[in-house]
Amino acid sequence: MSRPADPAPPRDELDRFDRVERWVHWSVGVLFAACALTAAVLYLGPLSVLVGNRRIVVLVHVWSGFALPVPLVAGAVSKAYRSDLRRLGRFTPADGAWLRAGRGRRDADGVGKFNAGQKLNGALSTGAILVLLGTGTIMYFTGLAPLAYRTGATFVHDWSALAVWVLVLGHLHHALRDPEAMRGIRSGRVHRAWARNEHPEWERENRDAQRPRHP
């Protein structure tokens, strides 16, 4: 029996993310939290003493890390997810204007579903996951590479993890300052007025798509 379709949003709301996209986002978030918390236990002496069983912590850290790409790949079953990946990978002149606006009021004119900051965050996050996965594999499976390579992999892994911490904290900071964006990733919908102000090109696309077509 097929799953019933989601009801159409009210006139003052827009569908922003489908169920698969939200599942991918929160699954990656949970896995990253597991990696971050276990890394803190492994590297911080007082936490290591409190937890005690280092082997279990290592296993949770390693396999959470290996699982990180799984939701990102599995999400490809969703047409909306694939479409948003293409949006995230395409920079436009409007993105350049958004970045040049600096820390003051952003110039949202021409901004589509994702602004330049979100696109950069997506690119950096994806690159960091690949780097951490590769270096983590070399560190865990010691027979894959000589000691010198494993030492280098450890150095890159540790500093990349620190950079990801900064990236994620910045992401959370901006998300918590924008309740409507948080609503979008929780429920999948946002108010049209917010979209018109923050992502006007995307709101315009939706408005044009909903406009009746005459023969």
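The values are calculated or read from the model by the stated rules, or taken from the named source; none is laboratory data. Given the structure is predicted, the values throughout are model-derived calculations rather than measurements. Cβ: placed from backbone, ideal geometry, glycine included. Neighbour counts: every protein chain shown.
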Query raised in the report: Restricting the search to segment 171-190, which residues are touching a residue at least 24 places away in the same chain (Cβ under 8 Å) and under 17 Å from ASN115 (Cα atoms)?
Result: HIS171, HIS174, GLY184, ILE185, VAL190
Report task. Would you be able to say whether some residue in segment 70-83 is at pLDDT 95 or above and either over 24 Å from ILE185 (Cβ atoms) or in contact with a Gly (Cβ under 9 Å, 6 or more places away or on another chain) (or both)? Result -> yes
Query raised in the report: Taking ALA195, is it modelled with pLDDT under 90, on the phi < 0 side of the Ramachandran plot and buried (at least 17 other Cβ atoms within 10 Å of the Cβ)?
Result: no
Requested in this report: Kindly indicate the residue of segment 12-62 that is surrounded by 15 or more Cβ atoms within 10 Å (Cβ to Cβ) and of a type in the set (Phe, Trp, Tyr) and also modelled with the lowest pLDDT among those meeting that condition.
Outcome: PHE32
Query - Residues of segment 183-197 classified as closer than 17 Å to ARG19 by Cα and of a type in the set (Lys, Arg), total - result: 3
